[in-house]
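Have a look at the structure below before the remarks.
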Amino acid sequence: VQLQASGGGLVQAGGSLRLSCLASMRTFRTYGMGWFRQAPGKEREFVAAINWSGGSTYANSVKGRFTISRDNAKNTVYLQMNSLKPEDTAVYYCAAEKHGATARAMEEKYDYWGQGTQVTVSS
């Protein structure tokens, strides 16, 4: 299984970015998918997750600004990030969980991880 995250970059505060994560597994539609992030000097933290049927959950810090979605026909999960803040600066990772009925915030539940994409928000 391979997860390829892309879409990161440098953006000014208040701007937007859309991250994509292309997955290699043929049964992508059965997986739960999540986005996590790790800022310099900090532990990795949950951002958003989506289950196989499209149910989602978000960290309080991004609720109302970020939207997770999936396109099963393209084996891709997205993270639309609006109203970005400097504190959103981090490496963003996508992850996949085999048992996709629940959108989970706990990283230990995830089976596969992508390589990360850098998001930098300038003030």
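The values are calculated or read from the model by the stated rules, or taken from the named source; none is laboratory data. Computed from a predicted structure; not experimentally measured. When we count neighbours, we look across all protein chains shown, and the Cβ atoms used for this are built from the backbone with ideal geometry, even at glycine. Areas reflect the complete protein model, heavy atoms only, side chains present, ligands, DNA and RNA absent. Shrake-Rupley method; radii C 1.70, N 1.55, O 1.52, S 1.80 Å.
Here are some residues: Trp52, Trp35. Which one is surrounded by 15 or more Cβ atoms within 10 Å (Cβ to Cβ) and assigned to a loop (DSSP other than H, G, I, E, B)?
Just one listed residue meets the conditions, Trp52.
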So how many residues does the range 87-98 have that are more than 16 Å from Gly9 (Cβ to Cβ), of a type in the set (Asp, Glu) and open to solvent by less than 10 Å² (accessible area, probe 1.4 Å)?
1
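Return yes when Trp52 is aromatic (Phe, Trp, Tyr) and over 16 Å from Trp113 (Cβ atoms) and no when it is not. Full working, then the answer.
Working: aromatic (Phe, Trp, Tyr): yes; over 16 Å from Trp113 (Cβ atoms): yes.
Taking the combined requirement at face value, the residue satisfies it.
Quick one: in the range 22-32, of everything that is touching a strand residue (DSSP E or B) at 6+ places or on another chain (Cβ under 7 Å) and open to solvent by less than 60 Å² (accessible area, probe 1.4 Å), which residue is farthest from Ala49 (Cα to Cα)? Lay out the reasoning, then the answer.
At the first step, the residues of the range 22-32 found to be touching a strand residue (DSSP E or B) at 6+ places or on another chain (Cβ under 7 Å) are 22-23, 31-32.
Keeping just the survivors that are open to solvent by less than 60 Å² (accessible area, probe 1.4 Å) gives 23, 31-32.
Numbers: Ala23: 15, Tyr31: 11, Gly32: 7 Å.
Taking the candidates together, the pick is Ala23.
Do we find a residue being in a helix (DSSP H, G or I), of a type outside the set (D, E, K, R) and free of Cβ contacts under 8 Å to residues at least 60 places away in the same chain anywhere in the range 62-74?
Quick first cut of the range 62-74, residues in a helix (DSSP H, G or I) only: 72-74.
Still in the running and of a type outside the set (D, E, K, R): 72-73.
Going one step further and asking which of them are free of Cβ contacts under 8 Å to residues at least 60 places away in the same chain, we end up with 72-73.
So far as the range 62-74 goes, yes, one or more of its residues are in a helix (DSSP H, G or I), of a type outside the set (D, E, K, R) and free of Cβ contacts under 8 Å to residues at least 60 places away in the same chain.
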Sole residue being touching a helix residue (DSSP H, G or I) at 6+ places or on another chain (Cβ under 7 Å) and either of a type outside the set (S, T, N, Q) or on the phi > 0 side of the Ramachandran plot (or both), chosen from Glu87, Glu97
Glu97
Exactly one of Leu84, Leu19 is outside any strand (DSSP E or B), modelled with pLDDT of 95 or more, open to solvent by less than 50 Å² (accessible area, probe 1.4 Å) and in contact with a Ser or Thr (Cβ under 8 Å, 6 or more places away or on another chain), and that one is Leu84
Given the conditions (1) open to solvent by 40 Å² or more (accessible area, probe 1.4 Å); (2) under 22 Å from Ala101 (Cβ atoms); (3) among the hydrophobic types (A, V, I, L, M, F, W, C), report the number of the one that Leu10 does not fulfil.
(2)
